[in-house]
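The next block holds one structure in the form of structure tokens; read it before the comments.
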Amino acid sequence: MIPTWLTKLKSTCEKDFSTVTVVMQKWIRRLKDVQNVMKTALQYQKRIESMIDSVKSQMKSTNSKRMKTMSYDTKYKELVSHILNEGTLQDCRNGKQLIIPHHSFTLDFRKDNPILRLRKIYTKGIMGEFTTLMSPEQLTNVKQFEENGCNYWKAWARPEGTLNLDYYNMMHPQLDDIIEQMIADPDSRRHVIELWNHQNVKDGILDLPCCWHGLTFTVIDDTIHLKWVQRSVDTMVGLPSDVFLAYLIMHHVSDLTGYEVGSCMFALSNLHIYEEHVKNANVLLTRTTADYENPLKFELKE
């Protein structure tokens, strides 16, 4: 006859073994999930690197053609001149600014250069911002930007480095759906992404509410066109970066849908030049593309 204590021990061991088995199975599933995420992230990174290489190659090969048009540089100069001459000087959250209520312009990226040629534009940081915002890895910390070569988001991060941005939170679920929709029904007039979350802004949970917040894609003859809506525009620092970022996003969507990149209309509100940027803004108006390699400093305002 088996002793009672041995029977209890056997029963306890069986229960413990069963529990351990269940726990191990859960960890195995989690490990597989992590491996799948890592595989997806690696595939994403390779695709983005390939896309950016393609962007660089296209810009280099068509640079002389685009330089002849001077469309972007001319329109940018006209905008800066308009703000300097017609803008109203007023107090704002972070200083004084010359401001106009709204402005719009269109660039056709089949012929217009997406990089401003009147001063040095540090494209590495913008590409790093794009790579981070498009990554399948949830954005939670400024280090994710910095690891991709983008260093300017530190200005809005919390002391511990965390970031809560609807640029990421609102973008991903919508962008995935819109890409599928554009492939299945390119003629639809509902290819719309809206990043502005009123409740998040009201509750103050964001480290920076979205400046650019509306993206409307239109597909005509297998070509993507974009309307880019922005509520606030730092004309001297932010706008050149935003234009290049819009181009990268269009190229990203083009890469996933197979459509060509077309034009982008920028619908802009609250365009401003900070008081301390006015002097160099006037200098910029005298520049040509020959000055591209000559830095012209505009300090980032938080």
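Applying the Karplus relation 6.51 cos²θ - 1.76 cosθ + 1.60 with θ = phi - 60° to region 272-278 yields 3J(HN,Hα) values of 9, 10, 5, 3, 6, 9, 4 Hz, where x marks Gly and Pro. Subtracting the Cα-Cα distance of N94 and S188 from their residue separation scaled by 0.36 nm leaves 29.7 nm. Counting only the backbone N, which residues of region 184-215 are under 18 Å from the spot 7 Å out from the Cα of N164 toward its beta-carbon? Answer for this model: 195-211. Remark: relative contact order (region 70-291) = 29 percent; criterion is Cα-Cα distance under 8 angstrom and separation of 6 or more residues. What shape does region 70-291 take by its C-alpha gyration tensor, where a ≥ b ≥ c are the square roots of the eigenvalues and a/c under 1.5 counts as rounded, a/b above b/c as prolate, and the rest as oblate? Cα axes put region 70-291 in the oblate bin. Figure legend: label point modelled 7 angstrom from the Cα of K154 along Cα→Cβ; residues of region 104-134 with amide N under 17 Å from it are 124-126, 128-129. The length gained by stretching the chain between T140 and H198 to full extension, at 0.36 nm per residue less their Cα-Cα distance, is 18.8 nm.
Any chance you could check the Cα centroid distance between region 171-203 and region 227-296 for me, in angstrom? Region 171-203 and region 227-296 have Cα centres spaced 22 Å from each other. Model label sites at H82 and S50, defined 7 Å from Cα along the beta-carbon direction, differ in position by 4.1 nm. Highest mean packing first, where packing is the average number of other Cβ atoms within 10 Å per residue, the peptides 120-129, 178-187 line up as 120-129, 178-187.
Values in this text are rule-based calculations from the coordinates and carry no lab data. As the structure is a computational prediction, the values presented were derived from the model and not from experiment. As a convention, Cβ positions derive from the backbone with ideal geometry for all residues, glycine included, and neighbour counts pool all protein chains shown.
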